[in-house]
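Have a look at the structure below before the remarks.
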Amino acid sequence: LVKYGKSVTAQDVIKVQKKDEIHKAIEEEHGAKPVDREMISKYQWAVNKVTGGLTQEEMKEAERLAEEWRKAKSLAEVQAKTTSQKGEKYLREFAEEMWRQCGMRVAVLTAWKDGSGETMTTQYDINDQIGYGEAF
């Protein structure tokens, strides 16, 4: 099954808050830009470099925010990224499981805010792809 939740760490907080610094470190040290494939191989190095440059107070604040994010919903920016990367996968698995376990057909109307704060909507119906069903 899809892992719907994630234990948020201080490093996750730093990746969101220091995104520009992380990209800048990669570009300055290796000449790679966010669209380059090399960025992927240098990303963890840059995260470690930026994290290593933080004060103890900044690290404690990142830990505090990580705890806060674990207890509450994610930041809008993080939600938008998760939606774009995993939303369809989550919906597909839910629809398939409901069919397998309950014989139920599922159609979903979704709404979310994208990275710029715009409300996006769509419908999701894969019933014609599951168990000889028909789309609604």
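The values are calculated or read from the model by the stated rules, or taken from the named source; none is laboratory data. In this text, all values refer to a predicted model and were calculated from it rather than measured experimentally. Note that we place each Cβ from the backbone using ideal geometry, even for glycine, and neighbour counts take in every protein chain shown.
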Out of the residues in the range 102-119 that are hydrophobic (A, V, I, L, M, F, W, C) and modelled with pLDDT of 85 or more, which is nearest to ALA80 (Cα to Cα)?
ALA111
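Each row is one residue, and each column tells you yes or no for (1) polar (S, T, N, Q); (2) within 16 Å of the chain's Cα centre (by Cα); (3) under 30 Å from ASP128 (Cβ atoms).
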| site | (1), (2), (3) |
| --- | --- |
| HIS23 | no, no, no |
| HIS30 | no, no, no |
| SER41 | yes, no, no |
| GLU58 | no, no, no |
| LYS81 | no, yes, yes |
Matching residues in the range 3-17 - criterion: being polar (S, T, N, Q) and modelled with pLDDT of 90 or more
THR9, GLN11, GLN17
So in the range 80-130, with the set limited to residues that are touching a strand residue (DSSP E or B) at 6+ places or on another chain (Cβ under 8 Å) and small (Gly, Ala, Ser), which one is nearest to VAL16 (Cα to Cα)?
ALA80
